[in-house]
Every structure is written in C-alpha cells, then in structure tokens.
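Here's the structure, in structure tokens; my notes come after.
The values are calculated or read from the model by the stated rules, or taken from the named source; none is laboratory data. Predicted, not measured: the structure shown is a model, and the values here were computed from it. A quick note on method: Cβ atoms are made from the backbone with ideal geometry, for glycine too, and the neighbour counts reach across all protein chains shown.
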Amino acid sequence: MTEPVDDRTAERLAAALRCVTVSTDDPDDIDDAAFDRLSAHLEQSFPRVHAELELTRFGHSRLYRWAGVEPDQVEAILLAHQDVVPVDDPQRWTHPPFAGVVDGEFIWGRGAIDDKSRLLAILEAVEAALTAGIRPRHTIFLAFGHDEEVFGDTGAMHMAQHLRAQGVFANLLLDEGGMITTGVADRIEPPVATIMVGEKGYATVRFSVTELGGHSSMPGRQTAVGRIARAVGRIQDHPMPLRMTPVTADMLARVRKVMPAPRRQLLRLADLVAPLVTRVMAGRPQTEALVRTTTAPTVIRGGVKSNVLPQHAEAFVNFRILPGDTVASVLAHCRKVVRDNGVRIETAGVSSEPTVNAAPGAAFDLIAEIAQAIVPGTVITTGIVPGATDSRHYHDLAATRCNFAPIVLEERDLASIHGTDERLSRVNYARLIEFNRRLITELAYSTSSDPHPSGADA
C-alpha cells in the first residue's frame, strides 16, 4: 500500500503549479518571468541535482546530463515538460487553477497531472539518489521542455538536435502518455497499465475556396460557403479506413485474459476476424482512435454579413494519423473524397508522422515490472499515444521508447487533463516518485560499485 507524500513534498509540487507557465503559439507572448520563477524554485528545491548534474539551457528548456561511470554509454533519456495549457473558465474550478492548493488528499492545479508532477517526481528521485551516493552505470539525460503543448519546436526539438549532434543513443526514452486506469476499459475489472510504445501522427488540413462573392439576392450555383460545407461534410462522412495495427493487436492479446468470456473468445480470433473487431472498436471514440486515423473538423470560416456572399471560405480539419498512414496519404484521401478541384487542400502548421517501436524489449519489461510492484494486480498492455508529445522529437535517439507514468486514474480524472479541476492525489504522486526512484536504482549503482546500495530496493 503506497503512503501519500508528506506535506513538504506536496508543497514542492504545489509551488511549481503556482508558476503560470502557460505556453503560447507565439514565442514572443511567453511569460518569461513565470518560467524564471519555476527555474528558481527547481534550483532551490533540488540543490544536489543542480550542484552535480551538468545543465544546458535552450531558452527555458532544461537539459541535464548525469554522467555515468562509463560516460560515453547512455542508459536513458527521461522527458517531462514545464509548460501547461491555458484555463478556459477558472470560475468552474473548485480552487483557483494556479493557486497550488494542497489538502489532505489532493494537490490541485493546472499541470498537476500534465506534466509538472512528472518533472518534479524525476527530480525528487534523482535528488534522493545523489543523497544516497548512487551514480549511474551509464549516463542519464533529463530533458524538460518548455513548449510541449505547442509542439516543442523551440524546446524539445533543439534539445534533441543537440543530443543527435553529440551522437547520443540511449537504451530507453521515457515520456508522458500512458497511465494506469480503473473503470475505463470496457468490462475489465483490474487496473490496466497502458505503456505506450509510439504515437499517432498529426496533421491539420486546410480546405479553402475563393469565389466571386456578391449580394446574397443573386447567388450563383456555387458559393464559397456552400463548397466548403460540402467538402467538410464529405470528409466527415468518409473517414479513413479501419485497420488493425500490430500494436493494437498486441494490446488486445494482453487484455483479453481478463475480459468476460464472450469478448475473450472473439479476441482470440482477432487475426481471423480483424474487420469485425475493428468495427466493434469503432463504436466508441476512445477505441476508434486505436484502429483509424481520426478526422476532426475544428474550424470553419466564411462571411461577415448575412446578406453578402463571401469571396473566401475555409475550414480546418485535424487528423491524428495511425501508424501505416502518412501525412501524404491523408492529403490523398482528402482530395479523393472531396472530389472538387475548386477546393484547395493543403497542410497548415506543424505536421508529424506516426512513430512506433519494434516489439517491446527489456526496457519495456523493466517498466512493467516496476509498475506491477507499485500497483499490484495491474494488467500490463501496450498502446499508442493518440496525441503529440515531445518524445516524437527524440524517437530516433533510443532503442526503446515508452510513454508511461504509474498514476491510477478514473474517467473523471482523465477529463480534468486540459480540463476543469486538474488535480493529483497525494498517493498518486507518491507512486510517481517511487516509480522513478526504483527505475533510477535499476539503471544505476552506488559509488562503491554495489549494484544495489544499502537502503535501495532492487
């Protein structure tokens, strides 16, 4: 049974939540003072980390190098991010979103789950390891970006480029993404730990039309708004095909053992009846994302007055791309479905291709073992992160990539991520710190060369 963190540990996280490190699309709009306050808090709270690890800054992003006994070998790159998303309606929160309130059960605030708890937990674990005289066998990097919520193009991307230029290649890349859920997976009673081994790609496609415009009393057969509406309707009515990927097949093979008998029997034949399984999964948004490149119209614009035909109309549709599809195949699908040469179709903003590991290996097994030790009875499975994380910038820098944190969340907790009343229980924060402590112990040994130093669990 994991004990909740004490008041001092909870307060260190709460103080970080009080730093309003909201990321913005325009780097010039960033609140530098908030990031500076967070930097000062980290350096004051974790003195050994900042005395003994080498720190390189990339803007507000922070790359720590913890040199190993064999410094040219790299064991792991541990990622987290300092920035948070904005708050739409602070009046709906139980506590102000940036107050960092701590009560007997929870630590409240924007970033409590995504992702300051992860950042602070890594530092708590490294600080404790340094105090215990532990030094890693091989070098470990800690990479804390400052703009993950806006794609990491000035933080994680630059840190990854730096590591690439140094010839760094790690055994493990570990980032946010997967977690342990209860009551979320359909008809599965035990807690399910989803260790993500890749992530979907990302593309926003812009559809635009230019027409003559004019007075609404004399419309032509085609109008800009009508053509855009028809294009968006066709895109939504004709999604990309359902497909069973190797990662999803592996996930189903792992969880079917704890499913009710009818589902278990169906999934045992998944290879033979994949079309049926994917159709069943497409019935819920949470599982449809595992078997399809998803289509989400998000913006449509055109016109400024009800009696004037606009000359221009446009729409933006967001796609989360399943491994096996590409940005190019998404564009080809859009052009095929819209069937209108007068509609211009192009990507807008940042795009990324899907990434996925080969079959899980020893590093995956280690993470699974630690997760089950912290939350006994947990079912381990794999998955793909549906959104974009900083780890996509580092994907080629490690043999194994895992996205996971051993925090146990219910459906209402999941809704608070980027939503209202984001909070993390003291018990979950203790699990997160213990997970990182055990992981570092496994990756390291003390200065006396004892692989399991006194006071550290194997």
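Filter segment 190-220 down to the residues that are among the polar types (S, T, N, Q) and not in a strand (DSSP E or B), then identify the one that is surrounded by the fewest Cβ atoms within 10 Å (Cβ to Cβ).
S217
Is one or more of the residues making up segment 411-425 crowded, with 19+ Cβ neighbours inside 10 Å, among the aliphatic types (A, V, I, L, M) and at pLDDT 95 or above?
yes
Please tell me if G152 is part of a loop (DSSP other than H, G, I, E, B), assigned by TED's automatic domain parsing to the domain that holds L78 and surrounded by 22 or more Cβ atoms within 10 Å (Cβ to Cβ).
yes
Looking only at strands (runs of 3 or more DSSP E) that lie completely in segment 58-115, which have at least 1 residues being over 16 Å from A16 (Cα atoms)?
Strands (runs of 3 or more DSSP E) meeting the threshold: 61-66, 70-81.
Sort out which residues of segment 226-283 are under 30 Å from R344 (Cα atoms) and part of a loop (DSSP other than H, G, I, E, B), and write them in order of number.
H238, P239, M240, P241, L242, R243, A282
Among the residues of segment 43-53, is any part of a loop (DSSP other than H, G, I, E, B) and within 24 Å of I113 (Cβ to Cβ)?
Yes.
If H138 satisfies every condition in (1) in contact with a Leu (Cβ under 7 Å, 6 or more places away or on another chain); (2) under 23 Å from R48 (Cα atoms); (3) not aliphatic (A, V, I, L, M) but one, which is the exception?
(1)
What are the residues in segment 1-53 that are within 25 Å of R431 (Cβ to Cβ) and of a type in the set (K, R), if any?
Scanning segment 1-53 gives R8, R12, R18, R48.
Pairs, please: C-beta under 6 Å, at least 6 apart or cross-chain, first residue surrounded by fewer than 16 Cβ atoms within 10 Å (Cβ to Cβ) and in segment 55-70, second not in a loop (DSSP other than H, G, I, E, B)?
As it stands, the answer is L55/Y64; T56/L63; A67/T139; E70/H138, since those pairs meet every condition given.
From the residues in segment 281-306 that are surrounded by fewer than 16 Cβ atoms within 10 Å (Cβ to Cβ) and at pLDDT below 90, which one is farthest from T355 (Cα to Cα)?
Ranking the qualifying residues of segment 281-306, first place goes to V304.
Restricting attention to segment 158-178, does a residue exist that is more than 30 Å from G59 (Cα to Cα) and assigned to a strand (DSSP E or B)?
Step one: of segment 158-178, the residues more than 30 Å from G59 (Cα to Cα) are none.
The answer is no; no qualifying residue exists.
Within segment 16-27, is even one residue closer than 30 Å to A362 by Cα and surrounded by 20 or more Cβ atoms within 10 Å (Cβ to Cβ)?
Our first condition is that a residue be closer than 30 Å to A362 by Cα; within segment 16-27, this holds for none.
No, every residue in segment 16-27 fails to be closer than 30 Å to A362 by Cα and surrounded by 20 or more Cβ atoms within 10 Å (Cβ to Cβ).
So how many residues does segment 391-433 have that are among the polar types (S, T, N, Q) and over 18 Å from E149 (Cα atoms)?
So the answer is 3.
Tally time: how many residues in segment 335-361 are in contact with a strand residue (DSSP E or B) (Cβ under 8 Å, 6 or more places away or on another chain), farther than 29 Å from T154 by Cα and surrounded by fewer than 20 Cβ atoms within 10 Å (Cβ to Cβ)?
Final tally of qualifying residues: 5.
For the list (1) in a loop (DSSP other than H, G, I, E, B); (2) out of contact with any helix residue (DSSP H, G or I) (no Cβ under 7 Å at 6 or more places or on another chain), I need the number of the one condition that R301 fails.
For R301, the exception is condition (1).
Starting from segment 324-339, take each residue that is on the phi < 0 side of the Ramachandran plot and list its partners that are acidic (D, E) and crowded, with 18+ Cβ neighbours inside 10 Å, counting only C-beta distances under 9 angstrom and pairs at least six apart or across chains.
H333/D325
Looking only at segment 103-149, filter to residues that are crowded, with 24+ Cβ neighbours inside 10 Å and small (G, A, S); which one of those is nearest to H418 (Cα to Cα)?
G111
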